[in-house]
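The values are calculated or read from the model by the stated rules, or taken from the named source; none is laboratory data. This is a predicted model, so every value here is computed, not measured. A quick note on method: Cβ atoms are made from the backbone with ideal geometry, for glycine too, and the neighbour counts reach across all protein chains shown. What goes into the accessible areas is simple: the full protein's heavy atoms, side chains included, and nothing from ligands, DNA or RNA. Shrake-Rupley method; radii C 1.70, N 1.55, O 1.52, S 1.80 Å.
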Amino acid sequence: MDITFPDQYREYLLRQSAGGAVNRLCRSAAGWGWHGDSSTNYDLLTTDFPHPDSYRAYEDELDAREPLTQDFPDHNAYRAAWEQWDAEYGVFQERKTSGAVFIQENGCGFSTLLVVTGPHRGQLWFDGRATCDQILPLNLGGQPVSFMDWLARGSMNLVCW
């Protein structure tokens, strides 16, 4: 994997303890990763982070295709169709965070993402899919938030619901 972290994040890792607010970077037998992070798909880190506008139409189409019990005369046929749809939906959900690292768990299923690849590299986003099914950009005065701005203010003060 060939990823260079955004400058401010690299400086933070080099000069300060990466703990507390930020998931700690650590090395294991499997390689580098983030302590306690079970969400990052390392195979997708080199894929550009997708802006939510880029997948909304597909998400609407996928939602419209969700199998409904009344459309299937047989429970086994419904179950097979739903399992196939659910697998496709799971892959789609995972791809929403391609090119991003979960740098903070905010509780209740909320996370802060640091984008490491693509045109949004260096920006921070709030993963609010647990309740509002959205991934939202963090911003300060209408501008993308830098790592240091986020560190000083926190996600909840920078997300616009």
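Per-structure values
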{"item": "GNM top mover of THR131, THR117, THR97 - the chain, alpha-carbon springs below 10 Å", "result": "THR131"}
{"item": "Length-normalised contact order of region 1-62 in % [C-alpha pairs under 8 Å, at least 6 apart]", "result": "24 percent"}
{"item": "Residue with peak Gaussian network fluctuation, the chain [Cα springs, cutoff 10 Å], from ASN139, ASN76, ASN41", "result": "ASN76"}
{"item": "Net charge, CYS108 excluded, C-beta distance under 13 Å - Lys, Arg +1, Asp, Glu -1", "result": "-1"}
{"item": "Sum of -39500 (n - 2.57) over DSSP H runs of 4+, divided by residues of the chain (222 nm, nearest 500)", "result": "-9000 deg cm²/dmol"}
{"item": "12 Å beta-carbon shell around ASN23, net charge (K/R +1, D/E -1)", "result": "-1"}
{"item": "Net dipole in debye of the chain [+1 Lys, Arg Cβ; -1 Asp, Glu Cβ; about Cα centre; nearest 20]", "result": "860 debye"}
{"item": "Carbon/sulfur fraction of accessible area - the chain, other protein chains in place, 1.4 Å, %", "result": "50 percent"}
{"item": "Relative contact order of the chain, pairs being alpha-carbon contacts under 8 Å that are 6 or more residues apart, as %", "result": "21 percent"}
{"item": "Unit charges at the beta carbon, dipole of region 41-135: most positive-side option, VAL116, PRO52, ILE135", "result": "VAL116"}
{"item": "For region 55-149, the fraction of alpha-carbon pairs in successive 5 Å shells from zero, as %", "result": "2, 12, 18, 18, 16, 12, 8, 6, 4, 2, 1, 0"}
{"item": "Within a Gaussian network of the chain (alpha carbon springs, distance under 10 Å), most fluctuating of LEU138, LEU44, LEU13", "result": "LEU13"}
{"item": "Average accessible area per residue (Å²) across region 20-132 - probe 1.4 Å, nucleic acids and ligands excluded", "result": "56 Å²"}
{"item": "Helix axis angle, 75-95 relative to the chain longest principal axis, alpha carbon, degrees", "result": "20 degrees"}
